[in-house]
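K.L.:
Attaching a single structure in C-alpha cells format; questions to follow.
The values are calculated or read from the model by the stated rules, or taken from the named source; none is laboratory data. All values derive from a computational prediction rather than experimental measurement. Because the Cβ atoms are built from the backbone with ideal geometry, glycine has one as well, and the counts that use them run over all protein chains shown.
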Amino acid sequence: MQFIHVRIVRLILQPGLSASTLLQAAQVIKGINALPLVDLEGMQHPDTALADDLQAAQVMNQVFAKKLVYYEFGNEDDNNGDDLPDALSPDDRSPGF
C-alpha cells in the first residue's frame, strides 16, 4: 500500500479486539506513513463500545502521539438495520470519552 501512496487507512473496531492486535494494526498504518481513520464502535455493541473506543484512543495516542488521527462514530449502523434514536448520539458518550 505504501507504493500506491495510500494516505488514510480505515481501522474498524470489533468487540473484544485486544490491545496488542490494535497496537500492531496502528504500527502497520504508521509504518506506511498513512493516517488512521478509526471507526469507533457504534450502537451495535453498546455494552462494550465505550471501553473499546477508549482503548483505541489510548493506543492511537501511544502510536501517533501528536499526529493527526481521524475518528468516525459507528460503522454504518443505520445501514445494518439498527434503529438509532437521537438519544443515542455520539454526544451522549462524550462524558466517558
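K.L.:
Assess whether GLN14 counts as being among the polar types (S, T, N, Q) and modelled with pLDDT of 90 or more.
P.N.:
Spelling it out, it is not the case that GLN14 is among the polar types (S, T, N, Q) and modelled with pLDDT of 90 or more.
K.L.:
Failed condition for ASN61, given (1) loosely packed, with under 14 Cβ neighbours inside 10 Å; (2) touching a residue at least 24 places away in the same chain (Cβ under 8 Å); (3) not acidic (Asp, Glu), with all others met?
P.N.:
Looking at each condition in turn, ASN61 falls short on (2).
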